[in-house]
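To start, the structure itself, in structure tokens.
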Protein chains: 2
Amino acid sequence: MRQRRFDVRRGDRRVPGLLWTPAAGDGPRPLVLLGHGGSGSKRQDCVVAMARRLVRGYGIAAAAIDGPVHGARRSGPPAPPALVLAEFAQLWANDGDAMTDAMVGDWRATLDALRSLPDIGSGPVGWWGVSMGTIIGLPVVAADDRIGAAVLGLMGLTGPTRARIARDSPNVRCPVLFLVQWDDRTFHHDVAVALWECLGSRDKRLVAHPGEHGDLPADAFENTARFLARHLALDGEPPR
Amino acid sequence: MRQRRFDVRRGDRRVPGLLWTPAAGDGPRPLVLLGHGGSGSKRQDCVVAMARRLVRGYGIAAAAIDGPVHGARRSGPPAPPALVLAEFAQLWANDGDAMTDAMVGDWRATLDALRSLPDIGSGPVGWWGVSMGTIIGLPVVAADDRIGAAVLGLMGLTGPTRARIARDSPNVRCPVLFLVQWDDRTFHHDVAVALWECLGSRDKRLVAHPGEHGDLPADAFENTARFLARHLALDGEPPR
């Protein structure tokens, strides 16, 4: 697997990202955009693990950018996760719609840039992002119809951008796999189910497991990778 | 794929069944018990299709027996599905616990008989049965700890045997995949979710799709087959 650091410039914004591809071979190939969770980054273990699974298991490229106030968007020494979370919560509360718009723009510019690379090209595109990766990702999926399949979840019809999420949900039209942790104390399963119900996709499934917000079982990662691979296959052939 | 008709004798009961295996090869091999739905039978299309998927895709044997007042348990000319359903509903209402006990006994005797066959043997055992296949199957899975993984669903904490189902649910301990149709008008998703919550399994997932009772999408069949294959693999190796 090849890992490349990239920056996308968008006006006065610098969008720091990572791209994972098979070591060789030209595009077009499927690409999955990975939206990391709160207090994580484009480099966090579960993001890199999902990239590895997609690249090695299915020949699918993967890319991640840092979220607002996360990763290389910060200056100075590494901050404790609780501080990053608190800063994100404050930004979400005070300026949630502008933050969402900015991240939608960053992701779309990133997608433009990545598809101009010879080993990516204009292949099928998917989204994988739960929790903060859905707070930001659901509006991205709703806004960009190049995205043909999405894994979302661990979030609900709640929070400072609730109205925005409710407005965008019917515009999500691609196949969706939506993850719910049934004992989630950050986003209760009732609001998560309500969000899934609002999605405009005809082809959608809700997959719930017992456990808290962070307790997603290992097979959920494999099953979501397979779901994306099935829907993004270049030749229309689902993987076994 | 080889298909064999069998009868198991249990006291004065004759239990009519079908067994599907790969064309050749000795046991032990994994075996999945298929509980058909109301008005169906051991021969109905979706039962045979699931058997084919398990045998051809994963080398797993499959078996089905007719439910009460269904299939070859009936005498006389074929009855219209609505009549069979009405008779089952009446039996469930008037004598639900005895009907359940009898079917649990039939399935356990069937399992004994099948495991004595040289091309089955004492391999891992799974259950696949939704709707009536859960009304009867959940008590089977709760009663027989040879069953190491189960697909259940399209049923809820409701109906004439509600108390029995509630009592048995905590005794289901194996990994479970539980299917829910969100717009189910036969068994509302609220009672279905409540039943999933009661299951004693630590490893359980609920998979919900939009649509009515009978609208299970095609990929639910493939995903449930893969779930069983992963948990019943003889060598502990999950299928790709």
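The values are calculated or read from the model by the stated rules, or taken from the named source; none is laboratory data. On a predicted model such as this, the values are computed, not experimentally measured, just so you know. Counting neighbours? That spans all protein chains shown, and the Cβs are built from the backbone with ideal geometry, glycine included.
Side notes on the structure shown:
- Members of segment B:204-216 that are at the interface with chain A (Cβ under 8 Å from one of its Cβ atoms) and over 18 Å from the mean Cα position of the chain (by Cα): B:A208, B:H209, B:P210
- In the set B:A61, B:A23, B:A49, only one residue is hydrophobic (A, V, I, L, M, F, W, C), surrounded by 20 or more Cβ atoms within 10 Å (Cβ to Cβ) and farther than 27 Å from B:D97 by Cα; that residue is B:A61.
Residue by residue, here is whether (1) surrounded by fewer than 17 Cβ atoms within 10 Å (Cβ to Cβ); (2) touching a helix residue (DSSP H, G or I) at 6+ places or on another chain (Cβ under 9 Å) holds:
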{"position": "A:R164", "(1), (2)": "no, yes"}
{"position": "A:N171", "(1), (2)": "yes, yes"}
{"position": "A:F178", "(1), (2)": "no, yes"}
{"position": "A:Q181", "(1), (2)": "no, yes"}
{"position": "A:D190", "(1), (2)": "yes, no"}
{"position": "A:L195", "(1), (2)": "no, yes"}
{"position": "A:S201", "(1), (2)": "no, no"}
{"position": "A:P210", "(1), (2)": "no, yes"}
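- Restricting segment B:205-220 to residues that are assigned to a helix (DSSP H, G or I) and closer than 28 Å to A:E212 by Cα, the residue that is modelled with the highest pLDDT: B:A220
- Residue check for B:D101: under 20 Å from B:R167 (Cα atoms), modelled with pLDDT of 95 or more and exposed (fewer than 15 other Cβ atoms within 10 Å of the Cβ): yes
- Taking the conditions (1) touching a Lys or Arg at 6+ places or on another chain (Cβ under 6 Å); (2) surrounded by fewer than 18 Cβ atoms within 10 Å (Cβ to Cβ); (3) not hydroxyl-bearing (S, T, Y) in turn, A:G71 satisfies each one other than (2).
- Only listed residue being away from chain A (no Cβ under 12 Å), in a loop (DSSP other than H, G, I, E, B) and within 16 Å of the chain's Cα centre (by Cα), chosen from B:G156, B:G148: B:G156
- Selection of segment A:149-170 for residues being under 20 Å from A:D183 (Cα atoms) and touching a Cys at 6+ places or on another chain (Cβ under 8 Å) yields only A:L157.
- Among the conditions (1) in contact (Cβ under 8 Å) with a residue 12 or more places away in the chain; (2) within 14 Å of another protein chain (Cβ to nearest Cβ); (3) among the hydrophobic types (A, V, I, L, M, F, W, C), the only one that A:L232 does not satisfy is (2).
- No other residue among B:A79, B:A113, B:A150 is farther than 30 Å from B:E197 by Cβ, crowded, with 16+ Cβ neighbours inside 10 Å and of a type in the set (G, A, S) apart from B:A113.
- Filtered residues of segment A:159-203 (kept if within 14 Å of chain B (Cβ to nearest Cβ), in a loop (DSSP other than H, G, I, E, B) and not aliphatic (A, V, I, L, M)): A:R173, A:P175, A:W182, A:D183, A:D184, A:H188, A:G200, A:S201, A:R202, A:D203
- Residue tally, condition under 22 Å from A:M1 (Cα atoms) and surrounded by 22 or more Cβ atoms within 10 Å (Cβ to Cβ), over segment A:116-135: 6
- Tabulated pairs, segment B:171-200, first closer than 17 Å to A:D183 by Cα, second of a type in the set (K, R), C-beta under 6 angstrom, 6+ apart or interchain: B:G200/B:R173
- Flag not set for B:D106, criterion: assigned to a loop (DSSP other than H, G, I, E, B), of a type outside the set (K, R) and touching a residue at least 12 places away in the same chain (Cβ under 8 Å).
- Filter pass, B:D66 being surrounded by 20 or more Cβ atoms within 10 Å (Cβ to Cβ), among the acidic types (D, E) and modelled with pLDDT of 95 or more: yes
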